[in-house]
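S.K.: Take a look at this one; I'll ask things after.
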Amino acid sequence: MGEVGLEAYLFVGAVLFVCGVVCMATKRNGIGVLMGVELVLNGANVNFVAFSRYTPLGLDGQATALFVVVLAAAEAAVALAIALNYYNNHLTIDVDRGNELQG
Amino acid sequence: MNGPLAVLTLENFLSNLLKFAGNSETVALIAFLLAAVIHASLLLGLFGGLPVFYIWLERKVAGRIQDRLGPTRVGGKFGWLQTIADGIKLIQKEDLIPRDADSVVFRMAPYLAGIASFAAFMVLPVADGWIGVAAECGAFLILALMSLEVLGIILAGYSSGSKWALFGAMREAAQMVSYEIPMAICALIPLLIAGSLNLQVVSQMQTGGVWNWFIFHDPFAFLAFFCYFTTATASVKRAPFDLAEAESELVAGFHTEYSGFRWSIFFLAEYASMFAVSGIAVLLFLGGWETGIVIPEAVFGGLRSWMPNTPVAGFNLGGYVANLLAAHVFVIKASLLVTLQIWVRWTLPRLRIDQVMTTCLKYLVPISCFLFLGAVFWPLIVTSAKGRPVLFGPPVKSVASVATPSAPSSTIAQNRSEVVR
Amino acid sequence: MTEQLLFWVFAILTCGGAVAVVATQNVVRMAFWLVVSLGSVAALFFLLHADFLGAAQLLIYVGGTVVLLVFGVMLTASGHTIKVQASPAEVMLGSGVGLVLLFVLLFGINSVDWADVSARIPAAGDSPAVVDETQDRHLREQLASATTPEEKAAAEEAIQAVHARRQAGRTVRQLGLSFYGLRPDRDLNQPAGQSLAAGYLLPFEIISIHLLVVLIGAAYLARAKRRATSGPGVDL
């Protein structure tokens, strides 16, 4: 039986995390930034679940990952509401335009 | 073979077959391939053929309701082959992609919708132990898979680069996301009664007569069935909730720009999901693959325990025949519900989009929440009044241990490699 | 073998989808690649014996969150905003830093002896998956070393029993109980007098209230308002 092993899943998690961070850093579209956040959270989730399978941590990893999924959904809802408000006020979704409080 | 779920697993079957064949590896391999191919093609034929049949049925029923004949020419008196002829015509058509469309997403979107709605059949049991993937959280998984279809439709509408398609997609997104909530809550009620997310277990608990069906379990479950069926009709965007493709307002909604084969995939997906939601309704509320009449169920039970000597040791021929009949019962029940959906479509006028959203958010969501609360408190009330948790019929049977019949693919493959070795 | 193959397919889809999300500038295509990536993550969860979590990922992420995001794209994209590009220098800098971060992470993962780490974790009642895996490995060794047919048959039977147990995918019930505050996976087979393992009742309640608050808050934030007209600081 082919064993995939913990490291392989951690690699996938790392790639997801880095992609998310780069996405957050380079996108100027507010919704693109949100997608980056989702990728980061998923990278973390892959790690949680992988640890829950391959180490004696057991169910804790899955439970935490479930909380992360729920919180991510809540975060997306609020962030999207903010993005819509932002669009209503600025008529654009470019996050670099939100500099009115810079004085 | 005492428990209803204790049917033969594939690996057991294989190893026993191997013993019979006197360790002849090639015979085992050929038999395995043959059995796998036959059953896979039967299943594919069923799930691929049903939408084709329903499209014909829709035209025929629509014709009758509108006092005309419907298709009569192709394939004999009843126009049996009308859908096939239409399919051939659609495949021959040019695959148009508008200049303003986002071509990659435009091309991929129909497949996304098709994959999502056909993937639901993966966890839909057609008979006792006849299921593609016997996941413990099958009911949850099937709802999750069905909810993915909306994504293909939204992307299709958005990437078309047409305002009609965009409007259709926006309506579809709003409608599907809203209707998922009451649908899930209503589906929770029978799951709550069964205490399991496994669709097979839920269905097994309803054996032994019509009064054991969960629709008759309590008044809340009875109402929940109708609530579920309404939301399910809406979630597969059938009339009177087909705002996404309202031809009187939006040309053809999200598939305005599609033609030929890609267009037909949307339709196959729609009819496939009609069958899937009806199948879920049958499994959750209407007794699954059992007839609900005492005598046939006794016959099925007798068949399951009847084990003639077959060449392959451990192969339950009676159970196999019973399952074959049960699969027919299941498909017929689900088809009746699909017919009901078709009937509703050609009877009721289309709602306005604001009425659709009002129906969901102001009526169906509170109603389903109320029904859910009622279903939770019902056993407590009945127990305090009558001393037993159900009103009539025997208390819900507990299916103690569930030996999942089909192994995950890794186990099968691994077992097979062992067999070959 | 199959598991490995499936892992590689979905790992490549996950990583490729994530990279495509970063590389694409069109928001709708980004959403499409995000669907590919997150759906493959769900498949990875199934491979990791987390059935419920995989289904939840499909339902909440792919069916919910991404639909919401696409909805947001539709409401906000109007021609000139669909392609808001960062300057090439920013992209170069971001991807350079990202590559360095990736390198650090991969190097870090590679340099840790995970078997040793998990051996050092106090195994307060192994998780069923781990128990099954070790038992499975043990039985396989037995099977390999078995000489008589009776021994072999017994070992095979035991392996099948382990598989049947594992296939039940018991995480649903266990997760439900842990949200109830009970941890049978930890507390069973423990010596008497030990304190019980912590469940997740309080976090579960908190997250329920949190979701309710978010529901109301998001509805309040996104309520229909007077649309801003072109004013100072806004150029179209």
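The values are calculated or read from the model by the stated rules, or taken from the named source; none is laboratory data. Keep in mind the model is a prediction, meaning the values are calculated, not measured. When we count neighbours, we look across all protein chains shown, and the Cβ atoms used for this are built from the backbone with ideal geometry, even at glycine. Side chains are part of the model used for accessible areas, which takes the heavy atoms of the whole protein and leaves out ligands, DNA and RNA. Shrake-Rupley method; radii C 1.70, N 1.55, O 1.52, S 1.80 Å.
S.K.: Would a scan of segment B:206-217 turn up a residue that is under 30 Å from B:L155 (Cβ atoms) and within 22 Å of the chain's Cα centre (by Cα)?
M.R.: Taking segment B:206-217 as the starting set, the residues that turn out to be under 30 Å from B:L155 (Cβ atoms) are none.
Scanning segment B:206-217 turns up no residue that is under 30 Å from B:L155 (Cβ atoms) and within 22 Å of the chain's Cα centre (by Cα).
S.K.: Exactly one of (1) in a loop (DSSP other than H, G, I, E, B); (2) aromatic (F, W, Y); (3) under 16 Å from the mean Cα position of the chain (by Cα) is unmet by B:F225. Its number?
M.R.: (1)
S.K.: Looking at A:L39, is it open to solvent by less than 10 Å² (accessible area, probe 1.4 Å), facing chain C (nearest Cβ under 7 Å) and modelled with pLDDT of 90 or more? It would help to see each step written out before you state the result.
M.R.: Details: open to solvent by less than 10 Å² (accessible area, probe 1.4 Å): yes; facing chain C (nearest Cβ under 7 Å): yes; modelled with pLDDT of 90 or more: yes.
Criteria met by A:L39.
S.K.: Something else: Criterion first (polar (S, T, N, Q), open to solvent by less than 20 Å² (accessible area, probe 1.4 Å), free of Cβ contacts under 8 Å to residues at least 12 places away in the same chain and within 7 Å of chain C (Cβ to nearest Cβ)) does A:T92 satisfy it? Break it down stepwise before answering.
M.R.: Details: polar (S, T, N, Q): yes; open to solvent by less than 20 Å² (accessible area, probe 1.4 Å): yes; free of Cβ contacts under 8 Å to residues at least 12 places away in the same chain: yes; within 7 Å of chain C (Cβ to nearest Cβ): yes.
Yes; evaluated as a whole, the condition is true for this residue.
S.K.: Going residue by residue through segment B:226-249, is there one that turns out to be touching a Phe, Trp or Tyr at 6+ places or on another chain (Cβ under 7 Å) and open to solvent by 40 Å² or more (accessible area, probe 1.4 Å)?
M.R.: No: zero hits.
S.K.: Next question, about the same structure. Filtering segment B:94-112 down to residues that are surrounded by 14 or more Cβ atoms within 10 Å (Cβ to Cβ) and among the charged types (D, E, K, R), which residue is nearest to the other protein chains (Cβ to nearest Cβ)?
M.R.: Per the criteria, the residue is B:D102.
S.K.: Another question, then. Which residues, taken from segment B:135-183, are small (G, A, S), farther than 21 Å from C:L215 by Cβ and outside any helix (DSSP H, G or I)? Write out each step before concluding.
M.R.: Pass one, segment B:135-183, residues small (G, A, S): B:135, B:138-139, B:144, B:147, B:152, B:156-157, B:159-162, B:165, B:168-169, B:173-174, B:178.
Applying the additional criterion that residues be farther than 21 Å from C:L215 by Cβ yields B:135, B:138-139, B:152, B:156-157, B:159-162, B:165, B:168-169.
B:A135, B:S160, B:G161, B:S162, listed by residue number.
S.K.: Sticking with this structure for a sec: Against the condition touching a residue at least 12 places away in the same chain (Cβ under 8 Å), more than 27 Å from C:Y180 (Cβ to Cβ) and within 7 Å of chain C (Cβ to nearest Cβ), how does A:A76 come out, does it pass? Lay out the reasoning, then the answer.
M.R.: On the way: touching a residue at least 12 places away in the same chain (Cβ under 8 Å): yes; more than 27 Å from C:Y180 (Cβ to Cβ): yes; within 7 Å of chain C (Cβ to nearest Cβ): yes.
Answer is yes for this residue.
S.K.: Determine whether segment B:235-258 contains at least one residue that is in contact with a Leu (Cβ under 6 Å, 6 or more places away or on another chain), touching a residue at least 24 places away in the same chain (Cβ under 8 Å) and among the polar types (S, T, N, Q).
M.R.: No: segment B:235-258 contains no residue that is in contact with a Leu (Cβ under 6 Å, 6 or more places away or on another chain), touching a residue at least 24 places away in the same chain (Cβ under 8 Å) and among the polar types (S, T, N, Q).
S.K.: For segment C:159-170, indicate whether the set of residues that are modelled with pLDDT of 65 or more and outside any helix (DSSP H, G or I) is non-empty.
M.R.: Checking segment C:159-170: not a single residue is modelled with pLDDT of 65 or more and outside any helix (DSSP H, G or I).
A quick yes/no check of all residues on (1) open to solvent by less than 80 Å² (accessible area, probe 1.4 Å); (2) modelled with pLDDT of 80 or more:
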| site | (1), (2) |
| --- | --- |
| B:P311 | no, no |
| B:N316 | yes, no |
| B:I332 | no, yes |
| B:V344 | yes, yes |
| B:D354 | yes, yes |
| B:V365 | yes, yes |
| B:F370 | no, yes |
| B:F377 | no, yes |
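S.K.: Taking segment B:53-84 on its own, how many of its residues are of a type in the set (A, V, I, L, M), under 30 Å from B:A119 (Cα atoms) and open to solvent by 40 Å² or more (accessible area, probe 1.4 Å)?
M.R.: Going through segment B:53-84 one residue at a time, the tally reaches 2.
S.K.: Can you name every residue in segment B:145-161 that is open to solvent by 10 Å² or more (accessible area, probe 1.4 Å), over 17 Å from B:V104 (Cα atoms) and in contact (Cβ under 8 Å) with a residue 60 or more places away in the chain?
M.R.: So in segment B:145-161, the residues open to solvent by 10 Å² or more (accessible area, probe 1.4 Å) come out as B:145-146, B:148, B:158, B:161.
Applying the additional criterion that residues be over 17 Å from B:V104 (Cα atoms) yields B:145-146, B:148.
Result: B:M146, single match.
S.K.: When you check C:F71 against the structure, is it open to solvent by 30 Å² or more (accessible area, probe 1.4 Å) and within 20 Å of B:I115 (Cβ to Cβ), yes or no? Reasoning before the result, please.
M.R.: Details: open to solvent by 30 Å² or more (accessible area, probe 1.4 Å): yes; within 20 Å of B:I115 (Cβ to Cβ): no.
Criteria not met by C:F71.
S.K.: Further question: Among the helices (runs of 4 or more DSSP H) lying completely within segment C:1-90, list those that include at least 3 residues that are at pLDDT below 85. Even if it seems obvious, please write down each step before you answer.
M.R.: On the way: elements: C:2-23, C:27-47, C:51-56, C:66-76.
Hits in segment C:1-90: C:2-23, C:27-47, C:66-76.
S.K.: Sticking with this one: Restricting attention to segment A:18-35, which residues are more than 7 Å from every other protein chain (Cβ to nearest Cβ) and surrounded by fewer than 24 Cβ atoms within 10 Å (Cβ to Cβ)?
M.R.: A:M24, A:V33
S.K.: All but one of (1) more than 28 Å from B:I265 (Cα to Cα); (2) surrounded by fewer than 23 Cβ atoms within 10 Å (Cβ to Cβ) hold for B:W164, so report the exception by its number.
M.R.: (1)
S.K.: Something else about it: Report yes if A:N45 is under 15 Å from the mean Cα position of the chain (by Cα) and either surrounded by fewer than 24 Cβ atoms within 10 Å (Cβ to Cβ) or part of a helix (DSSP H, G or I) (or both), otherwise no. Explain how you work it out, then say what you get.
M.R.: Numbers: under 15 Å from the mean Cα position of the chain (by Cα): yes; either surrounded by fewer than 24 Cβ atoms within 10 Å (Cβ to Cβ) or part of a helix (DSSP H, G or I) (or both): yes.
It is true that A:N45 is under 15 Å from the mean Cα position of the chain (by Cα) and either surrounded by fewer than 24 Cβ atoms within 10 Å (Cβ to Cβ) or part of a helix (DSSP H, G or I) (or both).
S.K.: Exactly one of (1) more than 24 Å from C:T2 (Cβ to Cβ); (2) more than 7 Å from every other protein chain (Cβ to nearest Cβ); (3) open to solvent by 20 Å² or more (accessible area, probe 1.4 Å); (4) touching a Gly at 6+ places or on another chain (Cβ under 8 Å) is unmet by A:F51. Its number?
M.R.: Looking at each condition in turn, A:F51 falls short on (1).
S.K.: Same structure again: Got at least one residue in segment B:95-103 being within 30 Å of B:I332 (Cβ to Cβ) and in a helix (DSSP H, G or I)? Don't jump to the end; show me each part of the working.
M.R.: Residues of segment B:95-103 that are within 30 Å of B:I332 (Cβ to Cβ), as a first pass: none.
No, because not a single residue in segment B:95-103 is within 30 Å of B:I332 (Cβ to Cβ) and in a helix (DSSP H, G or I).
S.K.: Would you call A:G13 open to solvent by less than 10 Å² (accessible area, probe 1.4 Å) and more than 7 Å from chain C (Cβ to nearest Cβ)?
M.R.: So A:G13 passes the test.
S.K.: Which members of segment C:195-211 meet the condition of being of a type in the set (A, V, I, L, M) and within 14 Å of C:L177 (Cα to Cα)? Let's see the steps before the verdict.
M.R.: At the first step, the residues of segment C:195-211 found to be of a type in the set (A, V, I, L, M) are C:196-198, C:201-202, C:206-207, C:209, C:211.
Once the filter is applied, which keeps residues that are of a type in the set (A, V, I, L, M) and within 14 Å of C:L177 (Cα to Cα), segment C:195-211 yields C:L196, C:A197, C:A198, C:L201, C:L202.
S.K.: Quick one: would you say A:L59 is within 7 Å of chain C (Cβ to nearest Cβ) and either modelled with pLDDT under 80 or open to solvent by 10 Å² or more (accessible area, probe 1.4 Å) (or both)? Give the derivation first.
M.R.: Details: within 7 Å of chain C (Cβ to nearest Cβ): yes; either modelled with pLDDT under 80 or open to solvent by 10 Å² or more (accessible area, probe 1.4 Å) (or both): yes.
Yes.
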